[in-house]
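Remarks on the structure that follows.
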Amino acid sequence: LNMSVQYISFSAHSDYQQTKEFIDILQPPHIILVHGDANEMSRLKKSLEEQFRDQSRDCKVWNPQNTVTVEIEFKGEKSAMIIGKLAEQQYKDGDIISGVLVEK
């Protein structure tokens, strides 16, 4: 998998407008809303989806419950170099490998 993961830290206490403006500046293709009141995150998700629809912008928004896995599908061929214990196993095409990839 040739990808980069951007981790951007900002206050978890930002309000709706601040979070929305932050997302508008970044314009990411995928947004995963975490760490917040479920009702407020649902409200933000709905608002963002409406905004993206009005702008004809392709962006997927998730607000999973704690411990729920989010699968993001990417089109095209991808390759990855794995290290550590994951590299000790043999894999075949179509196998799903779970883990976290982070680029510093």
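The values are calculated or read from the model by the stated rules, or taken from the named source; none is laboratory data. Because the structure is a prediction, the values reported are computed rather than measured. Quick reminder, even Gly has a Cβ in these numbers, built from the backbone with ideal geometry, and neighbours come from all protein chains shown. Remember, those area values only see protein heavy atoms, side chains included, never the ligands or the DNA or RNA. Shrake-Rupley method; radii C 1.70, N 1.55, O 1.52, S 1.80 Å.
Name the residues in the stretch 8-37 that are closer than 21 Å to residue 70 by Cα, at pLDDT below 85 and among the hydrophobic types (A, V, I, L, M, F, W, C), would you?
Matches in the stretch 8-37: 8, 12, 23, 26, 34.
From 102, 5, grab the single residue that is open to solvent by 80 Å² or more (accessible area, probe 1.4 Å) and either at pLDDT below 80 or part of a loop (DSSP other than H, G, I, E, B) (or both). Give the derivation first.
On the way: 5 fails: open to solvent by 80 Å² or more (accessible area, probe 1.4 Å).
On inspection, the qualifying residue turns out to be 102.
If I go through the stretch 82-98 residue by residue, how many of them are farther than 20 Å from residue 69 by Cα, surrounded by 10 or more Cβ atoms within 10 Å (Cβ to Cβ) and within 24 Å of the chain's Cα centre (by Cα)?
So the answer is 1.
For the stretch 27-40, which positions are open to solvent by 30 Å² or more (accessible area, probe 1.4 Å) and either of a type in the set (A, V, I, L, M, F, W, C) or part of a strand (DSSP E or B) (or both)?
Selection gives 30, 32, 34, 38.
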